[in-house]
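Note sheet for the following structure.
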Amino acid sequence: KTKYSKLIFGKSDTVPEELHQMVQEGFLTLRKHDCFFQDLVRIKGKDFVTPVSRILIGNPGCTYKYLNTRLFTVPWPTEGYDINYCSPQIQDACKALIRLNDYLHIEAVKALQGQNSFETKETKDTTVIDREQNFATSLTEKGSVSKDQSSCCVPEDDYISLKNRTSYNLTLLNYMDPLQMLYLKQEPYFGMGSMAVSWHHDENLVERSTVAVYSYSCEGSAAEESNEQKLKGRDPAVWHVGLKVAWDIETPGLAIPLHQGDFYLMLDDLNMTHQHCVLAGFSPRFSSTHRVADCSRGTLEYIFGQCELALQNLQTDSDSKALSLKSLETAVVKQVEEIHNEVEFEWLRQFWFQGKRYLKCSDWWLKPMAKLEEFWRKMEIMTSLVLSEVGKEEQVEEQRNETISCFLLVLTERQRLRKEWTAR
């Protein structure tokens, strides 16, 4: 209660049976279609393949970046988007995950309301109560918050942020069969046993947003619990989530057993103040980890906007159709060349170096990627136009030197990154 109060645990019997069934079938479908992939990630300048296989499912056009690797969502069915799935079963799996997403969103809102009402017992002005009642009612109509929760207690400014911090835009699905792993690291501080995922904070999330995790271990004969012998510590056959206070090994760590269909919520700033790890059991396990990813620089909408900004500096002569630059001002040139790098290294290379993996689920990303490549080609032309302009005699020496020195920095960086990506 004192050190881990923002961890909320939900037993599987609190989740509707129909939802369990849909989601668990979805996991198995994705596994059967080979849709889980190990990622090549980069830590301290070295590349590693993750022991866990993953797939990202979420809002169309969203991406999630971790350890220098950008994952692109397989879009879940979303109104207003035309999404072509490779099979009806994959579509059903994505549909099940958006249903789970809605369910966990409502659970997180209830949990935060519970925490807030516990923390703030004082009375508030009625307008806030009315607004909250409306919010809770609209959620209830969606079908899950029971009526007695609707008299929640949330300070006014937290009202909007409560919704924002629990509206998950994607889920990172994980799959691992520990018996296929030759070597698993041992948990170093508390003797918790084998780890599937080492101690970490989840990155690239909206500040103080909730992370919700649904766990499905394929429990069978391999993982019958060793109830007979009273074990010291945790049962090694059962998967657990481990938590510890960040940068602190004096406070006892926590290991919570995860059975088929259990879920847990890391509320508010728990992901920042604490680290978590996943402790492997004996049986294969799936998990669906729902997040509010910080997409400020990670959506298609954002990168297309950047491209349009850069291409404003390119003009076409109406008669000769020749291309030229509108401005050679240092700030303009620098901005365009930085966007050029962003498109190439944060999007095109990130997408293609992981292979055509996404095509196993949907071809949704192919069109936007082709469009980004078109923009990139135009930016390559803009780079060569800058080069030919600064080579001309009539340039003012001082301005020319300034343009060259800023231009050279971005080009040197581009060259370095191209080498690095070729090696990857």
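The values are calculated or read from the model by the stated rules, or taken from the named source; none is laboratory data. It should be emphasised that the depicted structure is a prediction, and the values quoted were computed from it without experimental measurement. All Cβ positions, glycine included, derive from the backbone under ideal geometry; neighbour counts span all protein chains shown. Heads up: the accessible areas ignore ligands, DNA and RNA and are worked out on the full protein's heavy atoms, side chains in. Shrake-Rupley method; radii C 1.70, N 1.55, O 1.52, S 1.80 Å.
Evaluate the following for SER53: is it open to solvent by less than 40 Å² (accessible area, probe 1.4 Å), over 24 Å from PRO368 (Cα atoms) and in the same structural domain as MET266 (by the TED database)? So SER53 fits the description; yes.
Residues that are in contact with a Lys or Arg (Cβ under 7 Å, 6 or more places away or on another chain) and open to solvent by 60 Å² or more (accessible area, probe 1.4 Å) within the stretch 347-381 are absent altogether. State the number of residues belonging to the stretch 24-48 that are open to solvent by less than 80 Å² (accessible area, probe 1.4 Å), outside any strand (DSSP E or B) and free of Cβ contacts under 8 Å to residues at least 60 places away in the same chain. Within the stretch 24-48, residues that are open to solvent by less than 80 Å² (accessible area, probe 1.4 Å), outside any strand (DSSP E or B) and free of Cβ contacts under 8 Å to residues at least 60 places away in the same chain number 1.
This table checks each residue for (1) under 18 Å from HIS200 (Cβ atoms); (2) surrounded by fewer than 22 Cβ atoms within 10 Å (Cβ to Cβ); (3) in contact with a Cys (Cβ under 7 Å, 6 or more places away or on another chain).
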site: GLU250; (1), (2), (3): no, yes, no
site: ASP262; (1), (2), (3): no, no, no
site: ASN271; (1), (2), (3): yes, no, no
site: VAL278; (1), (2), (3): yes, no, no
site: SER283; (1), (2), (3): no, yes, yes
site: ASP294; (1), (2), (3): yes, yes, no
site: GLU301; (1), (2), (3): no, yes, no
site: PHE304; (1), (2), (3): no, yes, no
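Name the single residue that is nearest to GLU374 (Cα to Cα) among those in the stretch 321-333 being surrounded by 14 or more Cβ atoms within 10 Å (Cβ to Cβ) and out of contact with any Ser or Thr (no Cβ under 9 Å at 6 or more places or on another chain). The residue in question is LEU325. Taken as a whole, the structure places GLU344 among residues that are over 19 Å from the mean Cα position of the chain (by Cα) and open to solvent by less than 20 Å² (accessible area, probe 1.4 Å).
Residues in the stretch 391-424 that are open to solvent by 100 Å² or more (accessible area, probe 1.4 Å) and among the charged types (D, E, K, R): GLU393, GLU394, GLU397, GLU398, ARG416, LYS419.
Residue under question is ILE90, and the condition is that it be modelled with pLDDT of 95 or more and in contact with a His (Cβ under 8 Å, 6 or more places away or on another chain); does it hold? It would help to see each step written out before you state the result.
Working: modelled with pLDDT of 95 or more: yes; in contact with a His (Cβ under 8 Å, 6 or more places away or on another chain): yes.
Yes, satisfied.
Among the residues making up the stretch 65-120, those that are under 30 Å from GLU420 (Cβ atoms) and open to solvent by 40 Å² or more (accessible area, probe 1.4 Å) are LYS65, LEU67, ASN68.
Each row is one residue, and each column tells you yes or no for (1) basic (Lys, Arg); (2) out of contact with any Phe, Trp or Tyr (no Cβ under 8 Å at 6 or more places or on another chain); (3) closer than 30 Å to PHE48 by Cα.
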{"site": "GLU329", "(1), (2), (3)": "no, yes, no"}
{"site": "VAL333", "(1), (2), (3)": "no, no, no"}
{"site": "ASN341", "(1), (2), (3)": "no, yes, yes"}
{"site": "LEU359", "(1), (2), (3)": "no, yes, yes"}
{"site": "GLU380", "(1), (2), (3)": "no, yes, no"}
{"site": "GLU389", "(1), (2), (3)": "no, yes, no"}
{"site": "CYS406", "(1), (2), (3)": "no, yes, no"}
{"site": "LYS419", "(1), (2), (3)": "yes, yes, yes"}
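For the stretch 173-181, check the following and say yes or no: at least one residue is modelled with pLDDT of 50 or more, under 25 Å from LEU7 (Cβ atoms) and either surrounded by fewer than 17 Cβ atoms within 10 Å (Cβ to Cβ) or among the charged types (D, E, K, R) (or both). Among the residues of the stretch 173-181, not one is modelled with pLDDT of 50 or more, under 25 Å from LEU7 (Cβ atoms) and either surrounded by fewer than 17 Cβ atoms within 10 Å (Cβ to Cβ) or among the charged types (D, E, K, R) (or both), which makes the answer no.
In a loop (DSSP other than H, G, I, E, B), farther than 30 Å from ARG31 by Cβ and not β-branched (Val, Ile, Thr), is that true of GLU394? Show your work before the answer.
Details: in a loop (DSSP other than H, G, I, E, B): yes; farther than 30 Å from ARG31 by Cβ: yes; not β-branched (Val, Ile, Thr): yes.
Criteria met by GLU394.
Residue-level check: of (1) modelled with pLDDT of 95 or more; (2) at negative phi, GLN113 misses just (1).
Please tell me if SER318 is polar (S, T, N, Q), over 22 Å from PHE407 (Cβ atoms) and either open to solvent by less than 30 Å² (accessible area, probe 1.4 Å) or not assigned by the TED database to the domain that holds VAL206 (or both). Write out each step before concluding.
Values: polar (S, T, N, Q): yes; over 22 Å from PHE407 (Cβ atoms): yes; either open to solvent by less than 30 Å² (accessible area, probe 1.4 Å) or not assigned by the TED database to the domain that holds VAL206 (or both): yes.
Yes: the conditions hold for SER318.
Looking only at the stretch 49-64, which residues are in a strand (DSSP E or B) and either closer than 25 Å to ASP82 by Cβ or at pLDDT 95 or above (or both)? Selection gives SER53, ARG54, ILE55, LEU56, ILE57, GLY58, CYS62, THR63, TYR64. Do the conditions hold for ALA310, that is, is it modelled with pLDDT of 95 or more, farther than 17 Å from GLU203 by Cα and hydrophobic (A, V, I, L, M, F, W, C)? So ALA310 fits the description; yes.
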